[in-house]
Amino acid sequence: MSDDSDDSAVMVDHNDAPPELTDEKDAASKETAVVDQKKPADTSNKDDKKENEEYSVGSSTAQQILSVGTEDDAYAFTFHKEKWAEVLGLVPPGWKVAVVSVVGAFRTGKSFLLSWFLRYLYALERAQKNNQSLDDDSETPWYKQFDSVGKDGFDWKAGTERNTTGIWMWSHPFFLKNKDGEDMAVLLVDTQGMFDHETTMALTASIFGLSTLLSSYQIYNVDKRIQEDNLQQLALFSEFARTAMGEGDFERKPFQKIEFLVRDWQHFEDEDENEDFNTMETSMVEYLAGVLADRAASDLKDTREQIQTCFEEISCYALCHPGFAVTKKKYSGDVAALEELFVKLLDRYCKRVFSTASLQPKQIHDRELSAVELGTYIEAYAELFASGANFPTAATLLEATANANNNNAETLAVAEYKDHMGRVSGPKCSNYIKPQELQEENESAQAKAMKVFRSIATFGSRKSVEVSEQKVLLQMNDQWQLYESLNEGRNPLLGLETYLIPMAMAFFAYILRIMTDFTCSPYSDVCKAGSEVLSHTYAVVFCFMLILAATKMKQIQEMMSRLKAALQLVLENHTVDQQKKFD
């Protein structure tokens, strides 16, 4: 909870990172899409207008990646793979992903908080492009450079009715660096509110559990204080966490970070008289320590122990009340209506969540996941709820996790094989490799690929791992036939008969004609006819070769290259044979 500027998030300006907008229509949308705002009297000025446009969210939107059914289908989950693929397509291949999600009771400001996160990340992104820091202009901080949170981020509204259903993800991934200086993509996730009059306890547990499984940084939004039922909800899910992530490893904590965000906190001392944020944050740490302290009652003690053994890090942050104007149904996001202390605390919280010290890629079994791997897990988990929102048993969840992990192991192993063989004998290669050497490269590539597979497929039943291993071997054998065929197509001796046979016929006809003219009598009609036939033969072949050369110049050049390569191959073999005799 330090305010050290060295831990501030660093946006990545990476050449592989896709542009925000890909066509003129999107570009026009970016210029015109601005945050809904209440214009003050002096904002007619062009600089102010430009400033507000820069803090808009552009043409990006929240995408529903998981929808929840109705009571008729037992609240079955549906994973929208095409929506996830749209977001996935914007993440450079191989980049790790961090997932920041917010869960909590309905109508506690989860979507509003995520909309603030969006403004902060877009501000950070634009500051990075201008080689600036968000702290460069202390007189005008980033949160004072727009008038309204607006409605163009995650959908939110004031009032008492439920707004978000299912699980939503922002369509624009943000590119940051982690504490090790490595590039990663950050995904923001919003979840359906819990504990309303329409959501069953089974559905609540399912949404909470699925969010926990997918998140690397989970924010548990609670009202006024951390109550015992909040802890019990965590313990209810984490009760079988170790089993779900694999048996036998009691040192591993299956989930990464859970942070209690206490809204409308009323216990900052003298908060109206000073703004000692370090003292406030120290009081948050002390408060959490008190909440998680050992209890004499066995059920309370078990709840705390269960939580602490399932999360690598548990933390707490508190926000004071945002102001009574926010509680009114007509509130539309006007920043000026928010309490100044609330906004400053929220600013510090944004920097805290997205600092290089806090944010880490999603891990499962100590392995950091790429976007493709994370998608495999999301799909596998969602399928468990396809028939209804009844939380699966630990054994079922373990099987789904193991299957998703094996699928990722298959994909990465085959990718390793293709990468190696692609450099040796892929479509972009031009040199022919001797069959024996190519076979050696194939064996080496397969050994590397199986090493990758076995380093990832480390849990689940032995049978399922063996089945996945056989799939990898079959895929590599199929690919091997392709690379073998590509290499054979570059054989310098392949197809030379197309050119050598006509040339041999022409040469043979020419020699016979010379011999005929030299040996036959000039007065013999038979000799004359034979000489003419032979002349016509090599003349026709010569014309054929000229036409062929004119229409297939590229193939002729390739043929000459093959002849040269064939000659080099013969000379190399001769040199090797001579060396063997000498030895």
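Counting only residues that are part of a helix (DSSP H, G or I) and under 15 Å from Met184 (Cβ atoms), how many does the range 327-384 have? The qualifying residues number 5.
With respect to Glu313, is the statement that it is under 20 Å from Asp276 (Cβ atoms), loosely packed, with under 14 Cβ neighbours inside 10 Å and not polar (S, T, N, Q) true?
no
Tell me, yes or no, whether the range 344-356 has at least one residue that is modelled with pLDDT under 90 and within 30 Å of Thr458 (Cα to Cα). Within the range 344-356, one or more residues are modelled with pLDDT under 90 and within 30 Å of Thr458 (Cα to Cα). The residues listed here are Pro40, Pro19; of these, the one that is modelled with pLDDT under 75, within 22 Å of the chain's Cα centre (by Cα) and loosely packed, with under 14 Cβ neighbours inside 10 Å is Pro19.
The set of residues in the range 294-310 that are closer than 30 Å to Lys362 by Cβ and open to solvent by less than 80 Å² (accessible area, probe 1.4 Å) comprises Thr303, Arg304, Gln306, Ile307, Gln308, Thr309, Cys310.
Number of residues in the range 206-234 that are under 20 Å from Tyr287 (Cβ atoms), open to solvent by less than 10 Å² (accessible area, probe 1.4 Å), touching a Ser or Thr at 6+ places or on another chain (Cβ under 7 Å) and assigned to a helix (DSSP H, G or I) equals 1. Residues in the range 525-571 that are exposed (fewer than 13 other Cβ atoms within 10 Å of the Cβ), among the polar types (S, T, N, Q) and modelled with pLDDT of 70 or more: Gln568 only. Number of residues in the range 316-325 that are closer than 21 Å to Val102 by Cβ and open to solvent by 30 Å² or more (accessible area, probe 1.4 Å) equals 1.
When Ala289 is tested against (1) outside any loop (DSSP other than H, G, I, E, B); (2) of a type in the set (A, V, I, L, M); (3) farther than 21 Å from Tyr220 by Cβ, just one condition goes unmet, and that condition is (3).
A single entry from Leu438, Leu486, Leu500, Leu482 fulfils the requirement of being more than 30 Å from Glu368 (Cα to Cα), touching a residue at least 40 places away in the same chain (Cβ under 8 Å) and open to solvent by 30 Å² or more (accessible area, probe 1.4 Å): Leu486. The residue of the range 419-435 that is nearest to Gly489 (Cα to Cα), among those that are open to solvent by 10 Å² or more (accessible area, probe 1.4 Å) and in contact with a helix residue (DSSP H, G or I) (Cβ under 6 Å, 6 or more places away or on another chain), is Ile433. Inspect all residues belonging to the range 191-201 and state whether any of them is surrounded by 24 or more Cβ atoms within 10 Å (Cβ to Cβ) and modelled with pLDDT of 80 or more. Checked against the condition, which is being surrounded by 24 or more Cβ atoms within 10 Å (Cβ to Cβ) and modelled with pLDDT of 80 or more, the range 191-201 yields at least one hit. Does Ser67 qualify as being surrounded by 14 or more Cβ atoms within 10 Å (Cβ to Cβ), more than 23 Å from Gln128 (Cα to Cα), at pLDDT 50 or above and hydroxyl-bearing (Ser, Thr, Tyr)? So Ser67 fits the description; yes. Please state which of the following conditions Ala28 fails to meet, knowing it meets all the rest: (1) modelled with pLDDT of 85 or more; (2) more than 23 Å from the chain's Cα centre (by Cα); (3) over 24 Å from Lys330 (Cα atoms); (4) among the hydrophobic types (A, V, I, L, M, F, W, C). Ala28 satisfies every listed condition except (1). Scanning the range 412-436 for residues that are part of a loop (DSSP other than H, G, I, E, B) and either modelled with pLDDT of 95 or more or among the aromatic types (Phe, Trp, Tyr) (or both) yields a count of 1. Given the structure, is Ala409 crowded, with 18+ Cβ neighbours inside 10 Å, farther than 24 Å from Asn487 by Cα and modelled with pLDDT under 85? For Ala409, the condition - crowded, with 18+ Cβ neighbours inside 10 Å, farther than 24 Å from Asn487 by Cα and modelled with pLDDT under 85 - is not met.
The values are calculated or read from the model by the stated rules, or taken from the named source; none is laboratory data. Since the model is a prediction, treat every value here as computed from it, not as a measurement. All Cβ positions, glycine included, derive from the backbone under ideal geometry; neighbour counts span all protein chains shown. SASA here: full protein model, heavy atoms, side chains in, ligands and nucleic acids out. Shrake-Rupley method; radii C 1.70, N 1.55, O 1.52, S 1.80 Å.
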